[in-house]
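To start, the structure under review is shown below, and the notes come after it.
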Amino acid sequence: MIIARSLDELLLLKPKGSFRVTVVSGQTAILVNRPGQPEETIFCLSPGHANQVRQSLSDEGLTGLVEGSR
């Protein structure tokens with residue numbers, strides 16, 4: 001049995017990778033983690049752009065987390 005200590009550790013266990021939607025320096029950014037690759041940061045031009053990127057990553061099979069969502 002694998003016991004993860006944090007949500008970040010759980011996301012790293014996802015076989016196709018994961019992403020996190022967050023705010024960096026006041027701009028929406030998506031941090032993408034794919035196994036065997038360095039972390040990628042995608043800065044979004046608008047909330048609509050962030051949603052398109054999020055949907056595309058989900059379609060690829062990555063698991064996502066939106067920080068601060070209500």
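Here the accessible area of the chain is 53 percent carbon and sulfur, with a 1.4 angstrom probe and all protein chains present. Axis of helix 47-59 versus longest Cα principal axis of the chain: the two differ by about 30°, to the nearest ten degrees. Here's the picture: charge each Lys and Arg Cβ at +1 and each Asp and Glu Cβ at -1 in the chain, and of 45, 35, 58 the one pushed furthest to the positive end of that dipole is 58.
Would you calculate, for the chain, the mean residue ellipticity at 222 nm contributed by helices, counting each DSSP H stretch of 4 or more residues as -39,500 (n - 2.57) and dividing by all residues, to the nearest 500? Intermediate results must be reported in sequence, preceding the final value.
Details: 2 runs with 19 residues, N = 70.
Mean residue ellipticity at 222 nm (helix-derived): -8000 deg cm²/dmol.
How much accessible area per residue does the chain have, counting only protein heavy atoms and a probe of 1.4 Å, in square angstrom? For the chain, the per-residue accessible area is 72 Å².
Take every Cα pair under 8 Å whose residues are at least 6 apart in sequence, average their separation, divide by the length of region 7-66, and the relative contact order is 36 percent.
Express as a percent, rounded to the nearest 5, the fraction of DSSP beta bridges in the chain (both residues included) that run antiparallel. All intermediate terms of the calculation are to be shown ahead of the outcome.
Working: 11 of 15 bridges.
Close to 75 percent.
Each Lys and Arg Cβ is given +1 and each Asp and Glu Cβ -1; about its Cα centre, the chain then shows a dipole of about 140 debye. The simple Förster model, with R0 at 25 Å and r as the Cβ-Cβ distance, assigns residue 16 and residue 49 a FRET efficiency of 0.65.
With q set to 0.17, 0.20, 0.25 Å⁻¹, the log10 of I(q)/I(0) for region 7-66, from the Debye formula over equal scatterers at the Cα positions, is -0.50, -0.69, -1.03. Determine ³J(HN,Hα), in whole Hz, for all residues of region 10-27 in sequence, where each value follows from phi through the Karplus function 6.51 cos²θ - 1.76 cosθ + 1.60 and θ = phi - 60°; x replaces Gly and Pro. Rounded to whole hertz, the list is 5, 5, 5, 7, 5, x, 8, x, 8, 9, 10, 8, 8, 10, 10, 6, x, 10.
The values are calculated or read from the model by the stated rules, or taken from the named source; none is laboratory data. Computed from a predicted model, the values in this text were never measured in an experiment. We place every Cβ from the backbone using ideal geometry, glycine too, and count neighbours over all the protein chains shown. Heads up: the accessible areas ignore ligands, DNA and RNA and are worked out on the full protein's heavy atoms, side chains in. Shrake-Rupley method; radii C 1.70, N 1.55, O 1.52, S 1.80 Å.
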